[in-house]
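**Q** Questions regarding the structure given below will be posed in turn.
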Amino acid sequence: MSRAGQGDRTERGDRTGRDERADRTARIREAMREEGDAIAEHTREHNAGRKAVTEDFPEYETLRERARAVKEDAIENLPDLVDRLRESVEANGGHLYVADDAADANRYIVETVGDAETVVKSKSMTTEEIDLNDALEAAGVEPVETDLGEWVIQLAEESPSHLIGPAMHKDRAEIAALFAEVFDPADPPETATELTAFAREMLGKRIREADVGLTGANFVVAESGSLALVTNEGNARKVASTPDTHIAVSGVEKIVPTVEDLEPFLNLLSRAGAGQELSAYTSLLTPPVASPVPDFDAPDEPLSAPDDEGTTANPDREFHLVLIDNGRLAMREDEDLRETLYCVRCGACANSCGNFQSVGGHVFGGETYTGGIAGGWEAGIEGLNVAGEFNDLCTGCSRCVPACPVKIDIPWINTVVRDRINRRKADASDFAFLPDGLAPDAEPAGLDLGKRFVGDFATLAKWGHRTAPLANRLADAGPVRAALERVVGIDRRRDLPTFASESLVEWFDRRGGARIPLADADRDAILYPDTYTNYVDVERGKAAVRALEALGVHVRVPSLPPSGRPPLSQGMVATAEERAHDLYAALAEHVDADRDVVVVEPSDLAMIRSEYERFLEPAAFERLAGASYEVLEYVYGLLENGASIDALVGGDDATRTSELAYHPHCQARTLDLEVYTLTVLERAGYDVRTSDTECCGMAGSFGYKTEYYELSIDVGEPLVEDFGGTDRTLVASGTSCGEQLDALLDRPARHPIELLAPPDSASR
Amino acid sequence: MSIETTFRESLSELDVAVTRTTPGSCADAIADAADGKTIGVPLPEGLTLPPDVIDRPTNGDLETAETGVTPATLGIAETGSVHLESDRAGTELVSLYPQRHVAVLRTEDLVSDVATAIDRLGPDLRAGGSGVIATGPSATADMGSLVVGAHGPGEVHVVLVEAGR
Ligand code: SF4
């Protein structure tokens, strides 16, 4: 493992977990109160916009593949590309400087700026990263942000709360108040239009007077030394063409080999980020540009000489490209963080994230970067301590994965970062003296108790089931809940799962196993007794058995190892990997015998179909993933292959109404599974309303944790808006979604299979 | 659907007005599209600016003009974009500073999509050329809700010139 993500700026104090939790709760509460509404409105708008422009865009997937391939190659060949770029920029008459770190970059820029009074800037997250404005001010140069959102942030002395909308956390009234306070204008602007006109006026003047224009770059082309700059306001155009000196600052990862390589990105960037086909302005510049340099101090002079024509570089113009390493080259060597460098900073991962929609980037973000991918950026650039501040907020719901235009596995990056944080904390803990062999599993001995408690849910559930009802009574007892909250951080306001005294496997044995003999069966299937279905929500497992048997399947319910989902969500990667090998070993023979593997809990299926790719040999992964089905997906397949829906309908469940409110599980949505549930329920005659809320907020165990309880309720709020006013029967496939719906709406949710399975007596 | 129809539909979605004209009537079409003090840069051969357009603007004119007239080197049908080349005459600045931009585009310079446009622009960029693919007016959502007209023009008008005279 390389050193990226290992060097930290600050050292952890020895505060207790409880204090930290209380701090975090307070910060989250404040962000939800102060910034939550504006953030929620804007992120949801962008997210809906992205979906609208990508849904009817058939080339979208191909473009994502191509963009991804370009980035993979470019990062692979980065050192060569830097050399090529240097030649191109110098041949064009510009200068290229590759800065090792923030200080190096700032020194070069301050030197280049020289005795300039003002530098006008267009939006650049990279200059935020290196704190360039501070360096300029220290050198007596005034930096002026010209992107309206960035300017608001500069005036308010705050930091950006979103990659593409730095002031997204502020609403119109706050901006009006800010302008009134800072400028005290005679006629204070109020409406958005007035505020924009005011800003244009003020900033227009600053741009006309400025000595140097500083921009970022969305992409840099090695073969030609060209920059792509994507904006809506037009400020980057003005900044790059008005002063005679243009400095562009960008991360070294932004290089692509050829002009033609820009195409997939230009087609994707604005669609993914803001739901626009293209932003208003895509500048493609090979600086120094040809444009004349306007001298507003000489208003009567012609803008350009009458005989001046053509498009060759204007000799009065100077161009500097500053590429910044600052940890990126080490990230390139880091197998798990490398993918972060493919990021084009569109912000779609933030927009599609339930937690981000509630708290914004001041909580879900680090020193500079915000949203899910900030985990990778901050770990690589600032170190694990900064990344650790907000790492918990990625719950692995995976809704950002299909949103990302370059197909980055953002949850995986955050899981790896979590694993590194766990290990580092453990090393520093009181238990670090224990010899490795005494550690109970693949995780370090000093692993945070809360993490171990939740991450080892399989053991806990087994114990709970063996000792139920004692365990259930105990779990409900006040002192136990208080201790759970204090020691492992499980919030008292949550109902704990009730363990069943008879597990699904035991029930299945007791009833005498399969009721459809193999000889009469159309299919032979393993119903996977995942931890929840086996020990907690046994009824949905029984319903699944009955439904599959009604459709002519020979069902087996063997005792099988857990999938490894809970440890993975706690960042216990080594444990999750062990589980993957165990489960594969236990299922391999069944798969070889052509048995299907049917999974009830969507998060377990997602493990098998997605994350196992990282743990198993490719052939093993393909075989197991190929044989595994989510239960409703499987039912759909049986129906398509001739089974009759009539075998499923006609139960006598009194709680059932024909109108359903269905919340698809986040990970199932990412695997495009919700359509099967919807179709089967509709074929069975139900009227289904589906929520478009990305995640219910519970996200496995996240919503159980004291410091996140309120946040998780807030994330689920849109579900209350969607379903609260109806008496539709609530339907959810995920256990935790069901718990959350129950908590939010105060009525129980059913698993869809329970609404389809014939009653016990009717099964053969 | 013809490439031109697609282009016009895309422009209308962006609230960009379009006038179709012949080379001979181009100057009149520009005059109709312009508003207030108007500055311009020379158009390609065969096309002329109306007489009251300031074709050699001063720095002061750039600051005070209400309309800027420039040629566009390409139009992209699918997105309703025009490509404006940075040149010594000042196309970039003249299309950017005034509140209204009138882009003069020849129908033969229409291409269907972004990919084709990039293929066309590649050689220019490699030869040191620069420009902007402009799609509709400038806009911002940073002041609480969407506002059209931020740093760049708030109104765009395309004068589409057919081949011939
Ligand atoms: S990780 Fe993907 S979705 Fe998130 S900002 Fe980067 S490119 Fe956009």
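Throughout, read-outs are computed from the coordinates displayed, never taken from laboratory work. No experiment lies behind these values; they were computed from the predicted model shown. Cβ placement follows ideal geometry from the backbone for every residue including glycine, while neighbour counts extend to all protein chains displayed.
**Q** Please list 3J(HN,Hα) in residue order for segment A:265-281, calculated via the Karplus relation 6.51 cos²θ - 1.76 cosθ + 1.60 where θ = phi - 60°; whole Hz, with x for glycine and proline.
**A** Couplings: 5, 5, 6, 9, 3, 6, 4, 5, x, 10, x, 10, 4, 9, 5, 4, 10 Hz.
**Q** Listed here are the pairs A:254/A:425; A:121/A:407; A:425/A:451; A:71/A:425; A:170/A:254; which of them are more than 23 Å apart at the Cα?
**A** Details: A:254/A:425 34 Å; A:121/A:407 30 Å; A:425/A:451 12 Å; A:71/A:425 34 Å; A:170/A:254 30 Å.
Those over the limit are A:254/A:425; A:121/A:407; A:71/A:425; A:170/A:254.
**Q** Taking the Cα centre of each part, how many Å lie between segment A:26-50 and segment A:147-181?
**A** So the separation of the two Cα centres works out to 14 Å.
**Q** For segment A:707-716, what does the Karplus curve 6.51 cos²θ - 1.76 cosθ + 1.60, with θ = phi - 60°, yield as ³J(HN,Hα) per residue in whole Hz, taken in order and with x for Gly and Pro?
**A** 6, 10, 4, 5, 4, 5, 5, 5, 4, x
**Q** Oh, and also: Work out how much length residue A:747 to residue A:26 would gain on full extension: take 0.36 nm times their residue separation and subtract the Cα-Cα distance, in nm to one decimal.
**A** On the way: separation 721, 0.36 × 721 = 259.56 nm, distance 2.96 nm.
So the extension gain works out to 256.6 nm.
**Q** With the dipole of segment B:3-161 worked out from charges on the C-beta (+1 for Lys and Arg, -1 for Asp and Glu) around the Cα centre, which of B:143, B:72, B:22 lies farthest toward the positive end?
**A** Toward the positive end, the furthest listed residue is B:72.
**Q** Per the Kirkwood treatment, what hydrodynamic radius in Å, one decimal, follows for chain B from the mean inverse distance over all distinct Cα pairs?
**A** Details: mean 1/r = 0.0630 Å⁻¹.
Evaluated on chain B, it is 15.9 Å.
**Q** Which residues' amide hydrogens lie under 5 Å from the amide hydrogen of residue B:112, considering only partners 5 or more residues apart or on another chain, with H built in the peptide plane?
**A** Close amide H contacts, sequence-distant or interchain: B:77.
**Q** Give me the net charge of residue A:664's neighbourhood, meaning all other residues with Cβ under 13 Å from the Cβ of residue A:664; Lys, Arg count +1, Asp, Glu -1.
**A** Values: positive: A:399, A:669, A:689; negative: A:630, A:633, A:672, A:674, A:692, A:694, A:722.
Once all neighbours under 13 Å are counted, the net charge is -4.
**Q** How shielded is A:164-170 by partner chains, expressed as the average number of their Cβ atoms within 10 Å of its Cβ atoms? All intermediate terms of the calculation are to be shown ahead of the outcome.
**A** Numbers: counts 1, 2, 1, 4, 2, 0, 3.
Neighbouring Cβ atoms belonging to other protein chains average 2 per residue here.
**Q** Given H placed 1.01 Å from N in the peptide plane, which residues other than close sequence neighbours of residue A:661 have an amide H under 5 Å from its amide H?
**A** Here A:689, A:729, A:730, A:731 satisfy the definition.
**Q** Compute the separation of the alpha-carbon centres of segment A:89-146 and segment B:17-49 and state it in Å as a whole number.
**A** 41 Å
**Q** Which net charge results for the neighbourhood of residue A:63, defined as the other residues with beta-carbon distances under 10 angstrom from its beta-carbon, given Lys and Arg at +1 and Asp and Glu at -1?
**A** 0
**Q** Check residue B:58: other-chain or 5+ apart residues with amide H under 5 Å from its amide H, H built from backbone geometry?
**A** Result for residue B:58 returns A:303.
**Q** Let me ask you something else. Compute the acute angle (0 to 90°) between the alpha-carbon long axis of helix A:538-550 and the principal axis of greatest extent of the alpha-carbon atoms of chain A; round to the nearest 10°.
**A** 80 degrees
**Q** Oh, and also: Any chance you could give the angle, 0 to 90 degrees and rounded to 10, that helix A:60-76 forms with the longest Cα principal axis of chain A?
**A** Value to nearest ten degrees: 70.
**Q** Also, quick follow-up: Cα centroids of segment A:189-221 and segment A:489-529: how far apart, whole angstrom?
**A** Centre-to-centre distance over Cα atoms comes out at 63 Å.
**Q** While we're on this one: For residue B:163, project a label point 7 Å along Cα to C-beta. Then give me every residue of segment B:74-88 with its amide nitrogen under 12 Å of that point.
**A** none
**Q** Count, for each residue of B:117-126, the Cβ atoms from other chains sitting within 10 Å of its Cβ, then give me the mean as a whole number. Could the numbers behind the result be given before it?
**A** Details: counts 4, 11, 3, 0, 5, 10, 2, 6, 13, 9.
The per-residue average across the peptide is 6.
**Q** While we're here: Pull up the DSSP beta bridges for the protein assembly as shown and report the antiparallel fraction as a percent, rounded to 5. Display every interim value, and only then the final one.
**A** Numbers: 25 of 94 bridges.
Around 25 percent of the beta bridges assigned by DSSP in the protein assembly as shown are antiparallel ones.
**Q** Given the rule -39500 (n - 2.57) for each run of at least 4 DSSP H residues, summed and divided by the residues of chain A, what is its mean residue ellipticity at 222 nm, to the nearest 500 deg cm²/dmol? Walk me through the numbers on the way to the answer.
**A** Working: 36 runs with 349 residues, N = 764.
So the calculated ellipticity at 222 nm is -13500 deg cm²/dmol.
**Q** Same structure again: R0 = 56 Å: FRET efficiency of residue A:492 with residue B:112, Cβ-based, nearest 0.05? Each step should come with its number before you reach the end.
**A** On the way: r = 62 Å, r/R0 = 1.10.
The value I calculate is 0.35.
**Q** Hey, another quick one. Counting Lys and Arg as +1 and Asp and Glu as -1, what is the net charge of the other residues whose Cβ lies under 12 Å from the Cβ of residue A:414? Don't skip to the answer; put the middle values down first.
**A** Working: positive: A:418, A:420; negative: A:336, A:339, A:378, A:392, A:409, A:419.
It works out to a net charge of -4.
**Q** Would you mind ranking B:12, B:130, A:291 by Cβ crowding within 10 Å, fewest neighbours first? Don't skip to the answer; put the middle values down first.
**A** Working: B:12 12, B:130 27, A:291 30.
With the sparsest Cβ surroundings first, the list reads B:12, B:130, A:291.
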